[in-house]
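Coordinate-derived values only; no laboratory data. The structure presented is a predicted model; accordingly, all values stated were derived computationally and were not measured. Note that we place each Cβ from the backbone using ideal geometry, even for glycine, and neighbour counts take in every protein chain shown.
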Amino acid sequence: MNIITNNEEETFAFAKKFAETLEGGEIIGLIGDLGAGKTVFTKGLAAGLGIKNNVNSPTFVLMKVYKAKGKIKTLVHIDAYRLQNMADLVAIGAEDYFNRNDTITVIEWIDKIQSELPDNNLIIFNLAHQNKDKRILSCGLKYKMI
């Protein structure tokens, strides 16, 4: 499935709507170059989960945890850019959140560690620039249909 967004607002809006389809326990992986919209996508997802906090990339802290409203209680936002392997994820406590039915985990730069993650409930989005503003979000779904 390919989704084309023409600006950050449309990327945000798509992710906000996509949040409504989530059941809990999903790991959402985001792949894309710098500025492709990974954090904008996460902000939209957070808004769709009722999170009012300012959501920004956890580049230096590696992981941020946000309280959500409704059936999904927690959004975990991970930046894997500086991670080397699953042991690094375990060291920051990320594994504790995987597959919890009240939690959604978003991992930016998931391609650095994807091979070591559980396949169940894994949803991958590739974000790519088509031109200056337009982005293509390609979604590869495993074990879940939207």
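Numbers below:
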item	result
For the range 19-71: relative contact order, % (alpha-carbon pairs under 8 angstrom, 6 or more apart)	35 percent
Antiparallel DSSP beta bridges within the chain, as percent of all bridges there, nearest 5	50 percent
Amide proton proximity set for I51, modelled H, under 5 Å, gap of 5+	K69
Amide hydrogen neighbours beyond the local backbone of K73, cut-off 5 Å, H modeled	T103
Order of H77, H129 under a 10 Å beta carbon neighbour criterion, fewest first	H129, H77
Cβ-Cβ FRET estimate between S115 and A91, R0 fixed at 22 Å, reported to 0.05	0.75
Segment Y81-K52, length gained on full extension (0.36 nm per residue, minus Cα span)	7.9 nm
Integer Hz, Karplus 6.51/-1.76/1.60 couplings in order for the range 112-127, x for Gly and Pro	6, 9, 3, 5, 9, 8, x, 7, 5, 6, 9, 10, 10, 10, 9, 10
In nm, spacing of pseudo-spin labels at E23 and F60 (7 Å Cα→C-beta vector)	4.0 nm
Spin-label model distance (nm) - K69 vs N101, 7 Å beyond Cα toward Cβ	2.4 nm
Cα gyration tensor, the range 1-134 - rounded (a/c under 1.5), prolate or oblate	oblate
